[in-house]
1. Looking only at the stretch A:397-416, how many residues end up being among the aliphatic types (A, V, I, L, M) and open to solvent by less than 20 Å² (accessible area, probe 1.4 Å)?
2. Has the stretch A:19-38 got any residue that is outside the structural domain of A:T129 (by TED's automatic domain parsing), open to solvent by 40 Å² or more (accessible area, probe 1.4 Å), among the basic types (K, R) and not in a strand (DSSP E or B)?
3. Taking the condition surrounded by 15 or more Cβ atoms within 10 Å (Cβ to Cβ) and out of contact with any helix residue (DSSP H, G or I) (no Cβ under 7 Å at 6 or more places or on another chain), does A:D107 pass?
4. From the set of residues in the stretch B:118-143 that are touching a residue at least 24 places away in the same chain (Cβ under 8 Å) and loosely packed, with under 15 Cβ neighbours inside 10 Å, which is farthest from the other protein chains (Cβ to nearest Cβ)?
5. What's the number of the only condition in (1) among the β-branched types (V, I, T); (2) more than 18 Å from A:K228 (Cα to Cα); (3) buried (at least 22 other Cβ atoms within 10 Å of the Cβ) that A:V422 fails to meet?
6. Quick check on my filter: what residues within the stretch A:201-248 are within 13 Å of another protein chain (Cβ to nearest Cβ), open to solvent by 40 Å² or more (accessible area, probe 1.4 Å) and assigned to a helix (DSSP H, G or I)?
7. Scan the stretch A:404-415 and tell me whether some residue there is within 30 Å of B:R81 (Cβ to Cβ) and over 24 Å from the mean Cα position of the chain (by Cα).
8. From the residues in the stretch B:42-68 that are part of a strand (DSSP E or B) and in contact (Cβ under 8 Å) with a residue 40 or more places away in the chain, which one is nearest to the other protein chains (Cβ to nearest Cβ)?
Amino acid sequence: MNKTLLIIQREYLARVKKKSFILMTFLVPGLILAMYAITYLIAANSDSLNKTREIKVIDESGVFAGKLKDHKNIHFSSLSQSLPEAKKAANKNEDLFILSIPKNFTDKNSVQIFSKKKPNFALVNEVETQLNTIATGNNMAAAGIDVVKLSGLKSNISAETKQLTDEGEKDSNLASAYGIGVASAILIYLSLFIYGAQVMRGVIEEKTNRIIEVIVSSVKPFQLMLGKILGVGLVGLTQFLLWIVLSTTVTNIAEKAFTKHETAVEQSNQTQIKGGKNSTGQTQPPIGNPVMSFMKSLEGVNYPYIIGCFIFYFLSGYLLYSALFAAVGSAVDSETETQQFMFPITLPLLFTYILSFAFLVNNPDSSLAFWLSVIPFTAPIAMMVRVPFGVPGWQLALSMVMMVAGFLFTTWVAARIYRVGVLMYGKKASYKELAKWFFYKE
Amino acid sequence: MMLSIRNIVKQYAGHRALDNVSLEVETGIIFGLLGPNGAGKTSLIRIINQITAPDSGEVYFNGEKLNQSHIERIGYMPEERGLYKKMEIGEQLVYLARLKGLEKTNAERRIKAWFEKLGMGDWWGKKIEDLSKGMQQKVQFVSTVLHNPELIILDEPFSGFDPVNAEIIKDEILELNRKGATIIFSTHRMESVEELCDSIALLNLSHKILDGPVKSIRNSYRNNTFKVEFSGKLDFNGTEPFELLQHTPGEETELIQIKLKENHTVNEVLQYLIPKVSIQKLEETIPTMNEIFIRKVNQNRK
């Protein structure tokens, strides 16, 4: 059996067996499950919102009588009782609310709602909106402005984005592209760091354990370095694949379990929109469920393409950086000494990472974005930000070729430093020293 | 010839670790690679193990130019011992043996045999970090010899062992040698290997300054000095066939150290002494390797 394969096997198994790996593997699907649970709770909660609430109006001003319109589950009716009597009645009935409008209702805090249970925000908001609309309408009428004409003048434009592709028009959902772009940038950034650091720690461990000399008397340093890099890389890949499989499974199960509530939520969203339009003449954003609507927007995404790109850029970026991390690990005697070398390595990553939020995600087709996505050191993050927005094929191909060339180059450089570094003890490595090692014959 | 090292030069930035070093190690012997710290022993061993390559010069293993295929025929225990701390011992030994080209089931069988032999019965599932230093050394030793190497290179083999375990390991090494393995000890502590080694080479300041069979080296450093123990009264007047180097009077016997005068023999010394005193013991003092070593190194320094 090939010795490099043996090393890969050991590195892989040693890490996959660790508790932290198993924990991380189940954490992500767990989070997705938690997200569904929250969605479920919101849906369940909106059931209680749907309970009909009776609002008895005591209108001393006479301005609002009969003009308040029933909305969704709020039912208005006027009341001729006196306020203290009404309060008594409300004290007995949990779903009864008393809206008291005095003559001087424009004074601050003069309009009051009494109830046994604390009224929820949606109810208060609805009442306030209606009161204001009516009062404003009255004021306008008093000032001679035709309310119907005015509302006709108001415009409410929202642009629908359509992308032109070879197959015709395609809904381009910018929000989901934005979300996926940013999420990929974060994920690539973190995973390059996490797995790169694992390689580095592994190298330092072998060096400080002094097992390195035993191993390099059996295999070439390059085989050991390559075996370690590939082994850890496979761990990362396993982690991602398990996440994808487990997350999909969890999503499917959760979707089936919560379907009933989902439709309920969607229906209530729709009635709310309609109701809002009817009663006030204004469009209100659906309050309903932001998680649901975001997930809905993710449905149109080309997942195989994005996941494929992600895995390519994770792997190539990982190979590129972990080789450098391995070289750093070989040059030092302990993890505390790595600082001076880590900074220049992590700089392009950090730079692209910050830029991806500040600039790239808003300008995915800019020339800066282009250059960052073909330079191997920045491409894994920069390209993953751009991919959800659509990248021309030739750019993607160029970037991928550059990535492969990039990691072959860094691996070659790192291997030359590594083979000398792992056998050097007690020497404080400097850049000059590293350059010398690089040029050693063998 | 197990190992033939010819004109090895190894240059590191700033200093030359090995300067034109040549030596021969015969098959089946125990060979001592001696020298003070920094003499170049580890550099030479790393070249034999193909961890590094020489700048110039050649190494022949069993008559063939050293190449990758020889790696599996050499067992190496470095001075700085090390194993994976968190890996199970059995698993670790299997891994190291497989890196040396051993097949898995074969490796497992041999490890169990060695565990039996060295009283390490239930160590398979333990981790290195749970073992004492001496126990770790045993595991390291097993990992060195597991693949039945023809050439075993041990760097400072007995450091870290308690006397009992050192004795056990020494016996195992001798047995391996009897079974045909060539052994190279590398050490700066002469006394620990003197009795074991058939041949030695002495390195100092990147040069080989002495090599050959231990017996002939020691013989070549004989300088006609003897220790004599006797009872009786002896006066020294300058007419003896020897020079008196040291005189240690004792309660019952006296001890003298003498050096033969030119053209005189031990027999003449005895003839001179026998009528005067009763001799208990006469012994030639052959310098120990340690003395030769110190003398050589000091000479070399001048």
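The values are calculated or read from the model by the stated rules, or taken from the named source; none is laboratory data. Source: prediction; values computed, not measured. Don't worry about glycine lacking a Cβ; one is built from the backbone with ideal geometry, like all the others, and counts go over all protein chains shown. Accessible surface areas use protein heavy atoms only, side chains included; no ligands, DNA or RNA. Shrake-Rupley method; radii C 1.70, N 1.55, O 1.52, S 1.80 Å.
1. 3
2. Taking every residue of the stretch A:19-38 in turn, at least one turns out to be outside the structural domain of A:T129 (by TED's automatic domain parsing), open to solvent by 40 Å² or more (accessible area, probe 1.4 Å), among the basic types (K, R) and not in a strand (DSSP E or B).
3. Values: surrounded by 15 or more Cβ atoms within 10 Å (Cβ to Cβ): no; out of contact with any helix residue (DSSP H, G or I) (no Cβ under 7 Å at 6 or more places or on another chain): yes.
No.
4. The extreme case among them is B:G134.
5. (2)
6. Matches in the stretch A:201-248: A:R201, A:E205, A:T208, A:F222, A:Q223.
7. Within the stretch A:404-415, one or more residues are within 30 Å of B:R81 (Cβ to Cβ) and over 24 Å from the mean Cα position of the chain (by Cα).
8. Selected residue: B:S56.
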